[in-house]
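The block underneath contains the structure these notes are about, expressed in structure tokens.
The values are calculated or read from the model by the stated rules, or taken from the named source; none is laboratory data. What you are looking at is a predicted structure, and each value in this text was computed from that prediction instead of being measured. Here the Cβ positions follow ideal geometry from the backbone for every residue, glycine too, while neighbour counts run over all protein chains shown. The area values use the complete protein model at the heavy-atom level, side chains included, leaving out ligands, DNA and RNA. Shrake-Rupley method; radii C 1.70, N 1.55, O 1.52, S 1.80 Å.
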Amino acid sequence: MTEISETNGSPKSLDRVVIRFAGDSGDGMQLVGDRFTDVSAAFGNDLATLPNYPAEIRAPAGTIAGVSSFQVHIADYDIVTPGDIPNLLVAMNPAALKANIADLAPGSAIIANIDAFEPRNLDKAGYEANPLEDGSLDAFRVYPVPMTSLTLEAAKDTGAKPRDAQRSKNFFALGLISWMYTRPVEPVYKWIAERFGKSQIVHDANLCAFKAGYHFGETAELFEHAYEVQPAKLPPGRYRNITGNAATAYGLIAAGQQAKLPLLYASYPITPASDILHELSKHKNFGIRTVQAEDEISAIGIAIGGAFAGHLGVTATSGPGVDLKAEALGLAVSMELPLILIDVQRGGPSTGLPTKTEQADLMLAMYGRHGEAPLPIVSARTPSECFDATFEGARIAIKYRTPVIVLTDGYLANGSEPWLFPDVDALEDISIPFTTEPNHLNPDGSVEFWPYVRDEVTLARPWAIPGTPGLMHRIGGIEKEDGTGNVNYEPANHELMTRLRAEKIARIAADIAPVEVDDPDGNARLLVVGWGSTHGAIQAGARRVRARGHEVATAQLMHVNPFPLNLGEILSRYDRVLVPELNLGQLSRLLRAEYLVDAKSINKVQGLPFLSAEIEAKMMEMLDV
Amino acid sequence: MSDASNQSDANAVTLTRKDFTSDQEVRWCPGCGDYSVLTAVQLLMPELNIKPENQVFVSGIGCASRFPYYMNTYGIHSIHGRAPAVATGVAVARPDLDVWVITGDGDALSIGGNHFIHALRRNVNMTILLFNNQIYGLTKGQYSPTSEVGKVTKSSPFGSLDYPFNPCSLAIGSEATFVARTHDMDRKHMQEVFRRAHEHRGAAFVEIYQNCNVFNDGAFDGVTAKDKRAEMLIELRHGEPIRFGAENEFGVRLNQFGEAEIVSVAEVGEAALLVHDEHRYDPSTAFALSRLAEQPVSPTPMGVLRAIDRPTYESQVQDQLTAAQERRGPGHLRELIESGAVWDVV
Ligand code: SF4
């Protein structure tokens, strides 16, 4: 963090700061992180967040496995990542310190809840000596604060039993950090009132703890002064803070509205996709039907049934669910019905890392079905872009009558950023008319309906829904005769249909936005191509490389299948191509296969996003500097 | 089974079997029981007074699952075991449609067991016809989840070990609101049961004893053959004591354990017999009755085992939408997006 100015007694100005709240899973760190984020967002900072929590609901208290953290990066300018290195770590117990200390840089600040640094907790965290006392933290600025006892003291008149009152220590921490960074307190008061209004004691305990934390900062003389981070000069407009999963849900609602189709959303609970179901289930007044299915296969089956009946059928899941849905996706490919499958990717294989992020489902999305079963893939690059990616996925699904996979990931799903509101009235009309008339003239002059007669441009087949007189038809997963849609096993027909289905998807390339290259001076020789959520780290890495006087170009794909038409030409313009991915090299393989380009990879599979420094280092290496 | 039946097309012209028959050639083995079920359904359709365009037949995979191709209605020939899920999607999206599921013992009870039980307990408004032939026909003769223990097939040369499901028991255990059994040798009985199933609001389950003359010929002869019916087939009639036999000399009563047992009326007297009540909300008695269909063959109840009222899934889905709209008005995207903390950058 760059210190910009200093005036005696008044807060010091910073252009940005990265704060990580860390504690036990039961310590309420996600809640505190969310509050700090919302307050900072409403204050006008640009921000990015990185929640990181264990898969176990209740890992043993006090252990490293049970540590939950929330990192938030706030700035007075536009930022693209949650930050590489925390400037401040709030450690609620020894395990939280131990689990996070390696991510700090010398000079980073640590606020530690000294009450929790007692022998039993130190032991559970694997410390032989108390790190707050043994000098091992000398490289850092350490502020020991007795948060538990000060919280108990603050809450003593609220009527809360000590056991319960100590749970408010996260609000003490929030109060202290709010003072440190000069955050407005009113929004927190309001939130506590709304959230805990029903239980006076809990409400009072949290409020007293928050105020005590705030006043402690003011009066304890532990800290030289507070800091401030001014609002960012973002493009004008109205903003809110939004997570990827919420943006996805809103994108679906927008798509249903602009397609003039009722939304039928069916899914099975799975981390990290469940929040989409939670969000959509709240908005039944939009006419959204949500079904919590008995399993992943049922969820997509219900969406397919809904699509056949004329609804916008949607299902969302994570990797294990995509595995299970594969056969039904093939059915949707064969039936050529609009369908949206959102894959909020997480670490795999198998159960893998349920709460951690990864981008390793790209090949699964491309090829994870038996037979030739191509379908379009759209990815989201930032949390708020989940709105656009979902909307775009729906547009393609409806126009081309095809299932579409939208790839987001755990980092996007739970991470948040300020979102400049889209102009709702300017959203594209993505509706298509249902077919209502027979479309085939027989030699004898009679007419009938053929479900596999195709649009000449898009190759889409007609969408005729039950209830339409005269257009009754039966379709399924067996190969169909071109045109009539009748069951057909003839060799030449199967080849024709296979090629038609592939060609239909390939033609979408002409109907999507060309990929944009960020090459400020146009002289770069190195192109960095990414897809999905690596966007922020790649942008930040490129900024750093450019700040060091070098040139690098970047391009972040939203459409992964088919590729935008101009991608081949762009790749050919550069001497070197680098592909950063949170997998062992999947997009790079697709690019190599499609364009015969010598794409190099930088890969990471730690359940965490790239640091901008990692991208920067690889860029520098590829630049031979 | 359907809203469509309640709002039957007022100015419908008179429909005939032809209106429900597609132009596709029927391709079951000659002599297969599936033909008589198809005929029964096609002949029944005009009487239901629902236009073919308002009907959707959804099937999975198996011999029976070819059924939708032969109906001149909307239809989905889906994937193995998933028909109840796909049909749930159709029914939830469009409660105005008349939804039928065509499935078999392998399709519904093996690979699709999960969807089957959940469609029943949710009470999705659909009529499920399960063609039970106790064998895998399409894959040429492996034992199925309803095959008797010890069945020798290609995949069980030393006899199958798997204990079979009793489909009606399973359906009752799955909280089904309508459960019935019929067989392919009696078209009138099938039609009557199908009609009842169709009238039922909610998930209506019908097990059809269906003969696979190629891989499991005569599996149900012990019950359904004309000369066996008097002794072995128990016709259930709501409100009547359960009796059967050439002279009506047998009956069914509940013993002290709540089990259904076959008794001689002469010995126990008519007053001791169980009076069939389809509408008992508690499923215990219906379950006890369903257990009488012991394998390989014992006196077997046919007809409606259970028919109770419970709100359908999709009507409750619709109620929630309506209530939300009344409470909060129709949704506005802009308001939704702007809900919560917003700020303006100028
Ligand atoms: S294999 Fe059996 S069930 Fe299948 S069509 Fe032939 S006779 Fe019917």
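In whole percent, how big is the carbon plus sulfur part of the accessible area of chain B, probe 1.4 Å, protein atoms only? Before the final figure, lay out each step's value.
Working: 7250 of 14130 Å².
Exposed carbon and sulfur together represent 51 percent of the surface.
Once both axes come from the Cα atoms, what is the angle between helix B:83-93 and the longest principal axis of chain B, in degrees from 0 to 90, rounded to 10? Here the helix axis deviates by roughly 40 degrees. Averaged over the residues of A:461-467, the number of partner chain Cβ atoms lying within 10 Å of the residue Cβ comes to 5.
The residue among B:G173, B:P46, B:G106 whose Cα reaches farthest toward the positive pole of the charge dipole of the range B:44-202, with charges on the beta-carbon of Lys, Arg, Asp and Glu, is B:G106. Between B:K140 and A:D295, the FRET efficiency estimated from the beta carbon spacing at R0 = 35 angstrom works out to 0.75.
Proximity of backbone amide H atoms, modeled 1.01 Å from N, is registered between A:N561 and A:I377 at under 5 Å, excluding neighbours fewer than 5 places apart on the same chain. For the range A:240-426, the calculated P(r) over all alpha carbon pairs, in 10 Å bins from 0 to the bin holding the longest distance, is 11, 43, 38, 8, 0 percent.
As a length-normalised measure over Cα pairs under 8 Å and 6 or more apart, the relative contact order of the range A:85-218 settles at 22 percent. Heavy-atom accessible surface of the protein assembly as shown, averaged per residue, reaches 39 Å², computed with a 1.4 Å probe.
Which one of B:A219, A:I101, B:A286 is farthest out on the positive end of the charge dipole of the protein assembly as shown, using unit charges on Cβ (Lys, Arg +1; Asp, Glu -1) and the Cα centre as origin? Of B:A219, A:I101, B:A286, it is B:A286.
Each listed q (0.06, 0.09, 0.12 Å⁻¹) maps to a log10 I(q)/I(0) for chain A from the Debye sum over equal C-alpha point scatterers, namely -0.37, -0.78, -1.23. Here the dipole of the protein assembly as shown is about 380 debye; that uses its Cα centre as origin and unit charges on the Cβ of Lys and Arg (positive) and Asp and Glu (negative).
Within the protein assembly as shown, what percent of beta bridges assigned by DSSP are antiparallel, to the nearest 5? DSSP beta bridges in the protein assembly as shown are roughly 40 percent antiparallel. Note: relative contact order over chain A, using C-alpha pairs below 8 Å and six or more positions apart, is 11 percent. Computed from phi, the 3J(HN,Hα) profile of the range B:20-28 under the Karplus parametrisation 6.51, -1.76, 1.60 (θ = phi - 60°) reads 10, 10, 7, 8, 7, 5, 6, 10, 8 Hz, with x in place of Gly and Pro. Derived scalar couplings between HN and Hα for the range A:207-222 equal 5, 4, 5, 4, 5, 4, x, 4, 5, 4, x, 4, 9, 6, 6, 6 Hz in order, rounded to whole Hz, by the Karplus curve 6.51 cos²θ - 1.76 cosθ + 1.60 (θ = phi - 60°), x for Gly and Pro.
With Cα atoms defining each centre, the range B:116-193 and the range B:49-84 are spaced 18 Å apart in the structure. With the charge dipole of the range A:1-114 set up from +1 on Lys and Arg Cβ and -1 on Asp and Glu Cβ about the Cα centre, the Cα lying farthest toward the positive end among the listed residues A:N52, A:G62, A:V18 is that of A:G62.
Counting Cβ atoms of other protein chains within 10 Å of each residue's Cβ and taking the mean over peptide A:304-315 gives 6.
For chain A, the longest principal axis of the C-alpha atoms and the axis of helix A:186-196 are separated by about 70°. When a/c reaches 1.5 or more, the comparison of a/b and b/c decides; with that in mind, is the range A:433-511 rounded, prolate or oblate per its Cα gyration tensor? Oblate shape, in that a/c is at least 1.5 and b/c is the bigger or equal ratio. Out of every Cα-Cα pair in the range B:275-325, what percent are more than 13 Å apart? Result for the distance tail: 67 percent. Here A:D624 and B:E259 are evaluated by their C-beta separation; at R0 = 56 Å the FRET efficiency comes out at 0.05.
Not counting the cut sites, what is the longest span of chain A without GluC sites (Glu not before Pro) that DSSP labels loop and that have at most 10 other Cβ atoms within 10 Å?
Details: sites that count: A:E128, A:E221, A:E224, A:E456.
Here the longest segment lacking exposed loop sites spans A:225-455.
The share of accessible area on the range A:433-511 that comes from carbon and sulfur is 57 percent, using a 1.4 angstrom probe.
With the biggest extent put first, the Cα atoms of the range A:517-622 measure 35, 34, 21 Å across the principal axes. Label-to-label distance, A:V453 versus B:L161, with points set 7 angstrom from Cα along the beta-carbon direction: 5.7 nm.
FRET efficiency for the pair A:R58 and A:E133, taken as 1/(1 + (r/R0)^6) with r the Cβ-Cβ distance and R0 = 30 Å, rounds to 0.50. Dipole magnitude for the range A:517-622: about 200 debye, using +1 per Lys or Arg Cβ and -1 per Asp or Glu Cβ, origin at the Cα centre.
For the range A:12-229, place one equal point scatterer on every Cα, skip the solvent, and apply the Debye formula. What is log10 of I(q)/I(0) at q = 0.07, 0.13 Å⁻¹? With one equal scatterer per Cα and no solvent, log10 I(q)/I(0) is -0.19, -0.70.
Would you mind classifying the range B:249-299 by shape? Square roots of the alpha carbon gyration tensor eigenvalues, ordered a ≥ b ≥ c; an a/c under 1.5 is rounded, otherwise it is prolate if a/b is larger than b/c and oblate if not. Walk me through the numbers on the way to the answer.
On the way: a/c = 1.93, a/b = 1.15, b/c = 1.67.
Cα axes put the range B:249-299 in the oblate bin.
In order along the range B:270-284, phi translates into HN-Hα couplings of 4, 5, 7, 6, 6, 8, 5, 10, 4, 9, 4, 5, 5, x, 4 Hz, rounded to whole numbers, per the Karplus curve 6.51 cos²θ - 1.76 cosθ + 1.60 with θ = phi - 60° and x for Gly and Pro.
For the range A:240-426, the share of DSSP beta bridges that are antiparallel, to the nearest 5, is 20%.
Distance from the C-alpha centroid of the range A:511-563 to that of the range B:293-346: 45 Å, rounded to the whole angstrom.
List the accessible area buried at the contact between B and A, summed over both sides and calculated with a 1.4 Å probe, in Å² to the nearest 100. List each step's numbers first, then the result.
Values: alone 16900 and 26080 Å², together 37640 Å².
Roughly 5300 Å² of accessible surface disappears when B and A pair.
Assign one of three labels to the range A:359-418, namely rounded, prolate or oblate, based on the Cα gyration tensor with a ≥ b ≥ c the square roots of its eigenvalues; rounded applies when a/c is under 1.5, prolate when it is not and a/b is larger than b/c, and oblate otherwise. Please list the in-between numbers first.
Numbers: a/c = 4.18, a/b = 1.47, b/c = 2.84.
Oblate, since a/c reaches 1.5 and b/c is not below a/b.
222 nm [θ] for chain A, helices only, -39500 (n - 2.57) per DSSP H run of 4+, per residue, to 500? Write down the numbers at each step before the final one.
Details: 20 runs with 221 residues, N = 625.
Taken over chain A, the calculation gives -10500 deg cm²/dmol.
Label sites at A:N523 and B:S315, each approximated as a point 7 angstrom past Cα along Cα to Cβ, lie 7.6 nm apart. Using only C-alpha atoms and all pairs of different ones, pull out the Kirkwood radius for the range A:370-458 in Å with one decimal. Radius from the Kirkwood sum: 16.3 Å. A cut-off of 5 Å between modelled amide H atoms, ignoring neighbours fewer than 5 places along the same chain, links A:W531 with A:L557. Taking every C-alpha pair closer than 8 Å and separated by at least 6 residues, the mean separation divided by the residue count of the range A:433-511 gives a relative contact order of 25 percent. Loop-located chymotrypsin sites (Phe, Trp or Tyr not before Pro) across the range A:30-118 with a Cβ neighbour count of 10 or fewer within 10 Å are lacking, with loop assigned by DSSP. Taking 7 Å steps out from each Cα toward its Cβ at A:R499 and B:K228 produces label points 5.5 nm apart. For A:E516, which sequence-distant residues (separation of 5 or more, or a different chain) have an amide H within less than 5 Å of its own amide H, given hydrogens modelled in the peptide plane? HN-HN under 5 Å from A:E516: A:Q556. Relative to its residue count, the range A:384-517 spans a Cα convex hull of 181 Å³ per residue. The C-alpha atoms of chain B define a longest principal axis, and helix B:113-122 lies at about 70 degrees to it. Find the centroid of the Cα atoms in the range A:18-91 and in the range B:198-255, then give the distance between the two in whole Å. Computed from Cα coordinates, the inter-centre distance equals 66 Å.
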